[in-house]
Amino acid sequence: MTTAVTQTWYMTQRQLMVFARQPAYAVIMLVQPVVWLFLFGALFRNVVELGGFGTTSYLDYLVPGVVVMSALGSNMWAGMGTLEEIQRGTLNRFLTTPASRAALMNGNVVHNGIVTAFQSVVIVLLGLLGGADYPGGVTGVLVLVVASVLLGTVFGALSNALGMLVRERESIIGINTFLLLPLTFLSSAFMAPDQMPSWMRRIADVNPLNWAMTAGRSALSADPEWGAVLGRGGALLALAVAAVWLSIRTFRSYQRSV
């Protein structure tokens with residue numbers, strides 16, 4: 001176990017070095033969250049008058065949604081990196097070494113988790129600069145970041161598994177494009193559940209994206225519902241463990257095929 005953890009960190013460092021050498025990527029990946037925060041925040045600022053948002057500021061409501069949406073959007077493309085390593089032959093060369101097979105997969109997942117945490121903190125700070133208020137303080141922000149990382153782990157691990165199964169860029173792009181908008185809009189990202197049609201609320205209740213938003217928003221409120229936070233957080237953790245297990249199993253199937 002110690003060896004697997006150490007090797008996972010080595011593989012994570014390898015990914016982080018690539019990220020560090022492309023600082024422009026860190027800036028580009030924040031462009032869309034800025035658009036969501038400040039353009040949508042300004043456009044729909046009066047929607048809170050409908051009620052059910054738990055705050056009088058739409059930006060306060062929007063920040064957790066943007067954090068979670070960004071975690072989803074960035075991690076859904078993790079499989080593209082895995083596919084690129086397959087096509088370059090890098091992954092197959094690693095298979096000739098005694099490196100832990102779990103480390104080969106989990107290094108990518110841990111790297112995405114670190115990047116997601118960084119991205120989430122930056123979005124929270126941007127919201128603060130824009131006038132958002134976080135009554136839950138540092139604890140609330142920490143819960144939001146952890147929830148976004150767990151959600152990112154779920155979809156990052158599933159994306160890795162998908163990359164090894166389909167091995168085609170077009171398939172990954174098509175599946176991600178098909179899932180991204182429905183997952184986003186069938187959640188409370190932009191609208192309070194009380195203002196959603198009943199059928200949308202029922203779907204949102206089983207949407208992992210919405211679990212992360214619910215946990216984050218509750219923790220950031222002045223009077224957090226810790227039962228909801230722990231319940232949604234526990235469900236995300238269980239889903240993340242299952243997704244990582246599936247990606248490792250898929251990797252072992254890929255290994256047998258080469």
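Compute the orientation-averaged projected area for segment 17-154 from the convex hull of its Cα atoms and round it to one decimal in nm². Before the final figure, lay out each step's value.
Numbers: hull surface 39.1 nm².
Computed as one quarter of the Cα hull surface, the answer is 9.8 nm².
Hey, can you rank 197-210, 42-55, 60-73 by average C-beta count inside 10 Å, highest first?
Numbers: 197-210: 15.4, 42-55: 13.6, 60-73: 26.6.
Top to bottom by mean Cβ count within 10 Å: 60-73, 197-210, 42-55.
Where the only charges are on Cβ atoms (+1 Lys, Arg; -1 Asp, Glu), what is the dipole of segment 101-241 about its Cα centre, to the nearest 20 debye?
Details: 7 positive and 7 negative charges, 74 e Å.
Its charge dipole is roughly 360 debye.
If you fit an axis through the alpha-carbon atoms of helix 101-129 and take the longest principal axis of the Cα set of the chain, what angle between them do you get, 0 to 90°, nearest 10?
20 degrees
If we sort 220-228, 111-119 on the protection proxy, mean other Cβ atoms within 10 Å, highest first, what's the order? Kindly include the intermediate steps, with their values, before the conclusion.
Working: 220-228: 14.6, 111-119: 20.9.
Ranking, from highest mean packing down: 111-119, 220-228.
Rounded to the nearest 500, what is the 222 nm mean residue ellipticity of the chain from helices alone, with -39500 (n - 2.57) per DSSP H run of 4+ residues and division by all residues?
So the calculated ellipticity at 222 nm is -25000 deg cm²/dmol.
If contacts are Cα pairs under 8 angstrom and at least 6 residues apart, what is the relative contact order of segment 149-218 in percent?
Details: 29 pairs, mean separation 21.2, N = 70.
This gives 30 percent for segment 149-218.
Evaluate the Kirkwood expression for the hydrodynamic radius of segment 136-176, namely the inverse of the mean inverse distance over all pairs of different C-alpha atoms, and round to one decimal in Å.
On the way: mean 1/r = 0.0849 Å⁻¹.
Every distinct Cα pair counted, the radius reaches 11.8 Å.
Go through Val109, Leu151, Val31 and say which Cα lies farthest out towards the positive end of the charge dipole of the chain; charges sit on Cβ, +1 for Lys and Arg, -1 for Asp and Glu.
Working it through, the farthest residue towards the positive pole turns out to be Val109.
I'd like to know which of Pro135, Asn176, Leu236 lies farthest towards the positive end of the charge dipole of the chain, counting +1 on Cβ of Lys and Arg and -1 on Cβ of Asp and Glu.
Asn176
Could you give the angle, 0 to 90 degrees to the nearest 10, between helix 58-75's Cα long axis and the longest principal axis of the Cα atoms of the chain?
10 degrees
Taking the Cα centre of segment 159-258 as origin and charging only Cβ (+1 Lys, Arg; -1 Asp, Glu), how large is the dipole, in debye to the nearest 20? Mind dumping the intermediate values first?
On the way: 9 positive and 6 negative charges, 98 e Å.
Approximately 480 debye in magnitude.
Measure nothing but the geometry: give the 0 to 90° angle between the long axis through the Cα atoms of 78-88 and the longest principal axis through the Cα atoms of the chain, rounded to 10°.
Around 20 degrees separate the two axes.
Keeping every protein chain present and rolling a 1.4 Å probe, give me the accessible area per residue for the chain in Å². Let's see the in-between values first.
On the way: 12770 Å² over 258 residues.
With all protein chains present, the chain gives 49 Å² per residue.
Report the paramagnetic label zone for Ser221: residues of segment 127-148 whose backbone N is under 19 Å from a point 7 Å from Cα along the Cα-to-Cβ axis.
Only 132-148 pass the distance filter.
What order do you get for 244-252, 15-23 when each peptide is scored by the mean count of other beta carbon atoms within 10 Å, highest first?
Details: 244-252: 18.1, 15-23: 12.0.
With the highest mean Cβ count within 10 Å placed first, the list reads 244-252, 15-23.
Roll a 1.4 angstrom probe over the protein heavy atoms and tell me the percent of accessible area of the chain that is carbon or sulfur.
Ligands and nucleic acids excluded, carbon and sulfur give 67 percent.
Using the Cβ atoms and a cut-off under 12 Å, what net charge is assigned to the surroundings of Gln255, where Lys and Arg are +1 and Asp and Glu are -1? Provide the component values of the computation, followed by the final result.
Details: positive: Arg101, Arg249, Arg252, Arg256; negative: none.
Net charge in that neighbourhood comes out at +4.
The values are calculated or read from the model by the stated rules, or taken from the named source; none is laboratory data. A quick note: this is a predicted structure, and the numbers were derived from the prediction, not measured. For neighbour counting, all protein chains shown are included, and Cβ atoms are generated from backbone atoms with ideal geometry for every residue, glycine included. Accessible surface is based on the protein model in full, side chains and every heavy atom, while ligands, DNA and RNA are left aside. Shrake-Rupley method; radii C 1.70, N 1.55, O 1.52, S 1.80 Å.
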